[in-house]
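One structure is given here, and the rest of the page talks about it.
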Amino acid sequence: MRLTPKLLCVTALAFAVTAGASAAASAGPAASQRVDGSIAAAGSTCTWTDATASADPPAGLTIDHATINSSLSCTGGTSATLNNDPAVTFDDAAGTATSDLIDITVKQSIVTCSYKATNVAWTRDGSTRAYRNQAFTASKSSGSFLCPGSFSAEPGSASLSFH
């Protein structure tokens, strides 16, 4: 049963990484429709680079899940796959962004779990093109009985940078 707590942590970690990919900043210099991201939790780290966005912030945009998946790397023997192209909207005055839906599948050893979160909120870091997640909860959409039914991501556990 040691796998279940580890899955919870790693699932949250991988989920937040991909969720982070879907948020963008609206201040600072013009972006080139690319975004990098990372998350660290419980001694594990997931990262990706050069994911493609359909537009530059602050315009509404989508993040191409295939370009996240092509460079997504997690430590600790975990793999993750983003299953959708998250849409992102921005509120420049408030310095926030919102991702419509994040749908992710995570595999740890022989256990595969899928999770979804809606309306994930992000906060811009000053006047940069960097954002950090606000707290959110993702619910299990499929997977083994060993998969936690949901998980909560702590505020600031995921970050991203548009360039």
> So what's the Cα pair-distance distribution over region 122-163, bin width 10 Å, in %?
Replying inline: 26, 36, 25, 12, 1
>> At 7 Å along Cα-to-Cβ for each site, give me the label-to-label distance between Ser73 and Ser152 in nm.
In response: 3.3
> What does the accessible area per residue of region 69-150 come to in Å², with a 1.4 Å probe and no ligands, DNA or RNA counted?
Replying inline: 46
>> Can you sort His65, His163 by solvent-accessible area, 1.4 Å probe, largest first?
In response: His163, His65
> Which percent of the accessible heavy-atom area of region 36-163 goes to carbon and sulfur, probe 1.4 angstrom?
Replying inline: 50
> One-quarter of the Cα convex hull surface for region 37-132, in nm²?
Replying inline: 6.4
> Stretch Ser127-Arg34 to full length: gain in nm at 0.36 nm per residue minus the Cα-Cα span?
Replying inline: 31.7 nm
> Once you put a point 7 Å from the Cα of Asn83 and another 7 Å from the Cα of Ser141, both along the Cβ direction, what distance in nm separates them?
Replying inline: 0.4
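The values are calculated or read from the model by the stated rules, or taken from the named source; none is laboratory data. Since we're looking at a predicted model, the values are computed, not measured. With ideal geometry, Cβ positions are generated from the backbone for all residues, glycine too; neighbour counts draw on all protein chains shown. For the accessible areas, the whole protein counts, side chains as well, though only heavy atoms, and no ligand, DNA or RNA atoms are used. Shrake-Rupley method; radii C 1.70, N 1.55, O 1.52, S 1.80 Å.
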